[in-house]
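The structure appears below as structure tokens.
Just so you know, all these numbers are worked out from the coordinates, no wet-lab data involved. Just so we're clear, the structure is a prediction, and the values are computed from it rather than from any experiment. Cβ: placed from backbone, ideal geometry, glycine included. Neighbour counts: every protein chain shown.
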Amino acid sequence: MIQFARQHAMSATVARQENDFAAREFAGINSRPFEMRAGTQRIHRLALTYAETEAGDLFVIVGSSGHLEIAANQASAAGLLGCSAGAPVELDLY
């Protein structure tokens, strides 16, 4: 298991939080089991698009900035995570 822990800046105006996990640094995330933790949630799903998830689902997606982002389909990821700006985000690759 490889562990990473970094702080993220939360954007309350959109239903996702960007962090500093550059997707290019974690190329294996699309083929290896992983767990991203933020707030009270553990996220194991990587989605290529919002359309492949159900309303209210939390998932990880590669955002337009090229970073791994925690997102929620048609919901506030911040609200579902129960965290605020500066909360730690942890990523484990197995």
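A few points about this structure:
- Relative contact order computed over the stretch 37-94 (Cα-Cα under 8 Å; 6+ residues apart), in percent: 38 percent
- With all pairs of different C-alpha atoms in the average, the Kirkwood value for the hydrodynamic radius of the stretch 25-67 is 11.4 Å.
- Where a label projected 7 Å from the Cα of D20 along Cα→Cβ would reach, residues of the stretch 66-81 with amide N under 16 Å: 66-69
- Close amide H contacts of R45 (hydrogens built in the peptide plane, cut-off under 5 Å, sequence separation of 5 or more or a different chain): V60.
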